[in-house]
1. Determine the percent antiparallel among the DSSP beta bridges restricted to chain B, to the nearest 5.
2. Kindly give the semi-axes, whole Å and largest first, of the ellipsoid equivalent to region B:237-338, taking each as the square root of 5 times a Cα gyration tensor eigenvalue.
3. For chain B, with the dipole built from +1 on Lys and Arg beta-carbon atoms and -1 on Asp and Glu ones, taken about the Cα centre, which of B:Phe568, B:Ser25, B:His171 lies farthest toward the positive end?
4. Using only Cα atoms, what is the ratio of the radius of gyration of region B:356-454 to 2.2 N^0.38 Å?
5. Note down the nm distance, to one decimal, between modelled labels 7 Å out along Cα→Cβ at B:Glu167 and at A:Ser4.
6. Before anything else, pin down the relative contact order of chain B: Cα pairs under 8 Å, at least 6 apart, normalised by residue count, whole percent.
7. Go from 0 up to the bin containing the longest alpha carbon distance in region B:161-287, width 10 Å each, and give me the % of pairs per bin.
8. Hey, what angle do you get for helix A:114-123 against the long axis of chain A, alpha-carbon based, 0 to 90 degrees rounded to 10?
Amino acid sequence: MDRSQAIRATNAIGLTKTEYGGSPSTLCKGCGHNSIANQIQQVAYDLALRPHEVLKLSGIGCSSKSPAYFLGMSHGFNSLHGRMPAVATGALLGNHHLRGIGVSGDGDTGSIGFGQFKHMVRRNVRMVYLVENNGVYGLTKGQFSVTADEGQELKYAGLNDFPAVDLCLEAIGAGCGFVARSFAGNAKQVRELLKAALAHRGTAFIDVISPCVAFNNEDSSRKSYAYGRDHEQAIQEIGWVPQQDEIVIEPTEPGEVRVVPLHDGSRLQLQHLEEDYDPTDRRSAVDRLLRAEASGEFLTGLLYYDPSRRGLAETLGLGARTLAAMPDARLRPPPEALADMLQRF
Amino acid sequence: MTLAPTEVPPEPPTPVFDPHVNDFSLVVATANGTGSQTANLTLMRSFFRMGVPVNGKNVFPSNIQGLPTWFHIRVSKDGYLGRKESDLLVAFNPATVDADLRALPAGGAAVVRDDLHPSVARDDITVYAVPVKRILEVSDAKGKVRDYLGNMAYVGALAWLLGVPLEVVEHALSVQFGGRRKLVDPNMLIVRAAHAWAVANLEKRDPFRVVPMDLTRDLLLMTGNEAGALGSVFGGVSVVAWYPITPSTSFVDALRDFLPQLRPPHDGERSYAIVQAEDELAAAGMVIGAGFAGARALTATSGPGISLMAEFTGLAYYAEVPAVIWDVQRVGPSTGMPTRTSQGDLAFTYTLGHGDTAHPVLLPSSIEECFEFGWRAFDLADELQTPVFVLSDLDLGMNTWMGERFAYPEGPLRRGKVLSAEDVEERGFARYADLDGDGIGWRTLPGNPHPRGAYFARGTGHNAAAVYSERSDDWVENMERLARKRETVRLTVPAPVVDRRPGARVGVIAFGTTRYALAEARDRMAARGQQVSSLRLKALPPSDAVRAFIEEHDVTVVLEMNHDAQLFGILAAACPDLAPRLRSIAYLDGVPFTAGFIDDRLQPFLAAEEA
């Protein structure tokens with residue numbers, strides 16, 4: 001298919017890939033976030049998502065601008081710094097049939113919104129929560145964020161004296177049932193993880209290392225493209241398999257192949273490159289992340305998966321109708337009900 | 001089972017002339033956490049049951065157990081519900097018994113637990129010592145329950161002293177306990193024992209009495225928080241996000257009580273969601289998110305929570321998202337006086353946000369208005385597409401008030417300007433375009449399937465089509481539209497209640513619960529030939545009626561329960577040309593105003609006018 005054919009090609013619901021696009025990006029050329037926005041667009045096209053069934057959410061920061069750059073036909077809310085989780089929780093209670101795609105940054109999630117992030121994960125609001133993690137504050141010109149490595153030096157920010165916060169560990173600690181890490185330079189892995197995350201019925205957290213070309217892309221930085229390309233260590237090869245397709249397992253050395261059933265009937269095929277890694281074992285996931293932290297390994301892949309927890313809407317007893325579309329008769333009891341209740345007083 | 005108030009035939013009205021009959025104030029002094037609330041509410045409901053107007057005010061500490069607490073019951077044949085200094089005392093707290101006795105006016109009376117041995121001796125008051133331990137001998141209850149039951153000793157003794165029939169007390173207890181005999185009976189046992197002891201041992205030496213009247217038939221006794229919550233249920237509240245804080249917690253408790261009863265699940269599907277948030281930042285964010293999605297969302301909080309909600313409220317004002325925020329005001333900040341009432345959040349809440357924001361603020365003063373604003377706030381929020389505040393206070397929210405049976409909401413739920421996919425197809429869609437000239441655009445809800453039906457909400461600059469913009473002209477145009485919207489808000493919010501007195505040259509503007517002491521003060525003053533008009537604000541921004549009222553009077557006094565004269569400032573800014581006619585009575589000490597206080601404070605303004 002040549003380029004012009006590709007532009008005209010449509011997916012299962014008759015939309016072109018362009019129709020899943022948004023406004024032109026105003027982020028820096030080469031910013032990892034642009035690549036991620038492109039992958040979201042691609043995945044939405046591939047999965048033939050109906051744009052009106054998607055709700056885009058973000059906080060404040062470079063990453064939080066990016067929902068304007070994909071899915072222009074979907075509603076979105078660019079909220080407050082660190083407060084996307086609260087807005088997402090409310091919006092996805094108001095209409096729990098929407099597929100939430102939230103984009104945040106390391107400052108937005110790990111600093112100002114740390115509490116909200118952990119509490120939203122704890123409630124298990126059904127949405128994809130994607131962090132575009134670059135270790136610095138871009139819009140305010142390069143201060144360290146909490147995910148920057150201890151001892152890192154930057155021209156503007158100086159020396160970082162404090163240990164890095166591992167957002168995946170935090171997500172696991174808060175009870176998240178889908179925790180992944182990826183690299184903006186690994187487009188295929190980002191896409192496969194996104195597809196699986198969209199199928200998950202709770203909060204699906206993806207921490208994507210997404211280099212900041214303006215302030216934190218020195219080769220020595222662990223958040224740079226060069227470091228990512230040289231050190232990325234996928235713990236598994238990931239392939240998302242749609243509901244209707246058959247799984248074809250082609251075992252290759254050295255890892256075992258696992259098939260993880262997802263909530264919507266699709267599956268994730270994980271070919272483990274580390275033989276003893278079990279992404280369904282919380283303790284070993286935490287242990288592996290702690291070891292990676294100590295040794296400086298850059299692990300990517302689906303780090304932890306537990307589909308057993310109910311999503312918030314389910315926990316609260318919401319059903320077929322959304323609260324936003326609840327008919328008036330269900331919202332306002334009749335006059336007799338008021339009269340009866342007042343008898344109690 | 002609970003007896004409905006109508007099942008006992010009302011007593012015939014009795015004309016009352018004796019100043020000590022059906023006109024006194026009773027204060028019950030106990031320690032916090034000793035279970036006296038049931039006893040106090042039983043007493044109050046007994047007087048109410050006898051057809052006599054009542055109001056109860058709990059003056060309590062921020063404490064779970066041990067600190068002193070005072071429950072005031074006003075009994076008023078004239079229907080005055082404001083606070084009044086007490087004539088009658090129940091002294092059951094060893095820590096305060098001396099001070100409580102000293103505070104009684106000459107001619108007062110006190111029921112004192114007999115083991116307290118106060119060091120204060122007064123021959124100008126009547127003291128009855130009640131042997132609680134002896135009275136409790138009829139009960140086999142143990143431990144904490146036995147201590148709680150001890151409070152029924154003063155209920156029984158007062159029933160005899162004041163002339164309250166025991167069947168009335170029993171009915172009141174039954175209402176308190178939701179008709180559960182297992183709870184009513186052991187309490188009633190003590191009430192009867194104390195009553196019998198009083199009959200045998202006490203000689204009535206004080207003049208205070210309650211006789212039946214017919215002034216409470218068909219009225220309710222309810223707290224403002226319960227009434228507001230009930231109104232919200234009938235307003236179609238569907239998302240509640242909140243963080244516990246006194247004095248608003250009981251608002252959400254009431255929602256959690258009412259919602260499952262009044263809106264039970266259909267086929268297992270609920271019509272509401274309640275989330276206890278991690279803080280008020282998140283509570284406000286959830287409410288804004290839910291409002292954006294089209295749900296009817298509410299949070300209830302108090303001053304410290306309002307501080308945290310400033311950020312989201314400012315965003316919601318500019319993103320134009322409906323939300324309902326109840327602020328049950330208390331004295332703050334931090335530890336402040338968290339269990340005392342206040343009108344101190346007015347100015348901050350009115351303009352909450354980081355600048356160039358103004359919100360509709362509803363100002364309820366009664367349980368009827370709490371109920372009405374409970375449902376109406378949702379209609380206003382949806383129609384005006386903005387956060388609506390309801391400023392109650394601790395006195396209204398947590399205390400028990402009489403009120404008329406609530407009127408069922410008028411008309412259907414008013415959802416404001418929302419476009420369906422068909423509407424978008426026909427008319428197109430630009431979120432912030434002012435098509436109707438009222439400053440309010442048409443919105444779509446997420447999930448609208450029209451390909452041009454979506455928009456990206458944000459607080460930062462946007463043009464009429466909700467597209468990000470940092471252009472000055474877009475910003476100015478948007479602000480000009482929001483100014484038109486503010487005018488729509490001003491014309492839409494509930495109008496004030498004006499009570500003109502013939503020949504009055506002085507007017508008083510007040511809001512909320514100060515109305516009761518003010519009404520009583522004005523009656524007193526009128527009896528002395530001093531005429532004062534009044535205007536009670538039911539909402540901000542102020543309507544044209546406020547301006548007219550100020551113009552009609554030589555002097556208008558703005559009465560409010562805060563230190564900085566916040567409403568005075570708002571009105572002076574709203575009518576700068578009339579500001580020289582405004583005066584202020586702004587005072588806050590944590591307890592509601594009395595008529596005497598207002599009467600005294602108004603005198604200089606009247607004297608100046610007469611001079």
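The values are calculated or read from the model by the stated rules, or taken from the named source; none is laboratory data. Since the structure is predicted, the reported quantities are computational estimates derived from the model, not experimental observations. Ideal geometry is used to build each Cβ from the backbone, glycine not excepted, and the neighbour counts take in all protein chains shown. In case anyone asks, the SASA skips ligands and DNA or RNA and just uses the protein heavy atoms, side chains included. Shrake-Rupley method; radii C 1.70, N 1.55, O 1.52, S 1.80 Å.
1. Details: 29 of 79 bridges.
Antiparallel: roughly 35 percent of the beta bridges in chain B.
2. Working: eigenvalues 112, 65, 16 Å².
Sorted largest first and rounded, they come to 24, 18, 9 Å.
3. B:His171
4. Values: Rg = 17.7 Å, N = 99, 2.2 N^0.38 = 12.6 Å.
Normalised Rg, Cα atoms only: 1.40.
5. 9.8
6. Numbers: 1327 pairs, mean separation 73.7, N = 611.
Relative contact order of chain B: 12 percent.
7. The percentages, shortest bin first, are 10, 26, 25, 20, 14, 6, 0.
8. Tilt relative to chain A: about 60 degrees.
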